[in-house]
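Derivation of every value follows stated rules applied to the coordinates shown; laboratory data play no part. Quick caveat, the model's predicted, so the values are computed rather than measured.
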Amino acid sequence: QVYTSNLFKAGHRIRLHITSSMAPHYDPNPNTGNEIATEKNLISATNTIYHDREHPSRIMLPLIER
């Protein structure tokens, strides 16, 4: 089960963890382009987040008034 919301108390901080895998919940992606179920060779992936004027990025955190 994956939750999509959380309640943060005042003063708490959050951390963003970016990954291309959700193991053990899902089969690991071998990153080879071959079938996930049968691939034996695994290649490490590199995730890149662009955050400049030409490639703007953002995280939107909606607020719900209590």
Table column - 3J(HN,Hα) (Hz), the range 59-65, Karplus curve with 6.51, -1.76, 1.60, x for Gly and Pro: 10, 9, 10, x, 9, 10, 5
Expressed as a rounded percentage, what relative contact order does the chain have, with Cα pairs under 8 Å and six or more residues apart? 18
Of all the Cα-Cα pairs you can form in the chain, what percent are over 21 Å apart? 52
